[in-house]
Amino acid sequence: MLNLCPLNLTGSVQKGVKPAELVKLEKKCLECLERYPDLNLYELGRDFYLAYRIKQLKRSITRPCAGEILLSLGYTLDLKIDLAVLRARFLSQCPPEIGFFLGYPVKDVLGFMGFDSFSFVCTLGWRIYEPVEPSLKLYNLYKKAKNADNRNLVLCERDK
């Protein structure tokens with residue numbers, strides 16, 4: 001049986017629209033990585049990887065507010081160090097601040113972290129809090145970039 005390669009989920013990252021994507025990959029999937037030359041993978045544990053582009057990810061974790069919050073949580077804003085910190089926290093649970101690495105709006109990450117001043121509205125790719133409009137716009141941008149190359153999807157032969 002042929003399945004779609006899980007790395008197909010990284011279209012918005014490959015196009016430089018989204019800084020990173022969390023993907024679950026089997027070891028066999030890693031053999032296909034040469035099909036994605038602009039994609040970096042960082043193993044977080046439990047078969048999960050952060051697929052990212054360096055420049056966009058650095059920009060995402062150092063943007064205003066996100067960088068300050070990450071510093072207050074013990075991150076350094078040095079990508080290599082911060083990926084190791086994220087991995088250590090991910091091994092026990094998925095930390096809510098991963099949203100900053102994935103390019104989610106600061107207000108949505110803060111709302112998910114439990115800050116009372118944000119009202120939950122809905123879940124699309126992530127939990128969205130008021131005001132909805134900027135999050136919906138970003139979600140649609142990510143979705144459009146992810147789905148733009150559906151005709152070039154890579155099939156995975158891992159189940160053969």
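Backbone geometry of the range 34-46 corresponds, through the Karplus equation with coefficients 6.51, -1.76 and 1.60 at θ = phi - 60°, to 3J(HN,Hα) couplings of 5, 6, 10, x, 8, 10, 9, 10, 10, 6, 9, x, 6 Hz, x marking Gly and Pro.
Think of the chain as having a plus end and a minus end, set by charges on the Cβ of Lys, Arg, Asp and Glu; of 73, 37, 60, 37 sits farthest toward the positive end of this dipole. Accessible surface of the chain, 1.4 Å probe: 55 percent of it comes from carbon and sulfur atoms.
Excluding residue 67 itself, calculate the net charge of residues whose Cβ lies under 14 Å from the Cβ of residue 67, where each Lys or Arg counts +1 and each Asp or Glu counts -1. That sum, taken over residues with Cβ under 14 Å, equals -1.
Between helix 79-90 and the chain there is an angle of about 90 degrees, using the helix long axis and the longest principal axis of the Cα atoms.
Net length available on complete extension from residue 88 to residue 15 is 23.4 nm, with 0.36 nm assigned per residue and the Cα-Cα distance removed. Spin-label model, residue 58 to residue 132: label points 7 Å out along the Cα-to-beta-carbon direction sit 3.8 nm apart. Among 90-96, 8-14, sorting by the average number of other beta carbon atoms lying within 10 angstrom of each residue, highest first, gives 8-14, 90-96.
A cut-off of 5 Å between modelled amide H atoms, ignoring neighbours fewer than 5 places along the same chain, links residue 128 with 121, 122, 123.
Computed with a 1.4 Å probe over protein heavy atoms only, the accessible surface of the range 64-138 comes to 52 Å² per residue.
Counting Lys +1, Arg +1, Asp -1, Glu -1, what net charge surrounds residue 135 among other residues with beta carbon under 11 Å of its beta carbon? All intermediate terms of the calculation are to be shown ahead of the outcome.
Details: positive: 107, 127, 137; negative: 108, 130, 133.
Result for the local shell: 0.
Legend: calculated FRET efficiency, residue 106 to residue 33, from the Cβ-Cβ distance at R0 = 30 Å, rounded to 0.05, equals 0.45. Heavy-atom accessible area with a 1.4 Å probe sorts 100, 48, largest first, into 48, 100.
How far, in nm, would the chain grow between residue 147 and residue 76 when pulled straight, counting 0.36 nm per residue and subtracting the alpha carbon separation? Could you put the intermediate results ahead of the total?
Numbers: separation 71, 0.36 × 71 = 25.56 nm, distance 3.36 nm.
Stretched fully, the residue 147-residue 76 segment lengthens by 22.2 nm.
Each residue of the range 65-78 was assigned a 3J(HN,Hα) from its phi angle through the Karplus expression (A = 6.51, B = -1.76, C = 1.60, θ = phi - 60°), giving 6, 4, x, 5, 5, 4, 4, 5, 8, x, 7, 10, 6, 9 Hz with x at Gly and Pro.
With +1 assigned to the C-beta of every Lys and Arg and -1 to the C-beta of every Asp and Glu, and no other charges, what is the dipole magnitude of the range 42-156 about the Cα centre in debye, to the nearest 20? Walk me through the numbers on the way to the answer.
On the way: 16 positive and 11 negative charges, 101 e Å.
Once rounded to the nearest 20, the dipole reads 480 debye.
To the nearest 10 degrees, how steep is helix 133-147 against the longest Cα principal axis of the chain, on a 0 to 90 scale? Helix 133-147 sits at roughly 10 degrees to that axis. Note on volume of the Cα convex hull per residue in Å³: of the candidates [x] 103; [y] 149; [z] 119, the value calculated from this structure sits at [z]. Which of 109, 17, 85 ends up with the largest GNM mean-square fluctuation for the chain, with Cα atoms connected below 10 Å? Of the options given, 85 has the highest mean-square fluctuation.
The values are calculated or read from the model by the stated rules, or taken from the named source; none is laboratory data. As the structure is a computational prediction, the values presented were derived from the model and not from experiment. Positions of Cβ are generated from backbone atoms using ideal geometry, with glycine treated the same way; all protein chains shown enter the neighbour counts. The area values use the complete protein model at the heavy-atom level, side chains included, leaving out ligands, DNA and RNA. Shrake-Rupley method; radii C 1.70, N 1.55, O 1.52, S 1.80 Å.
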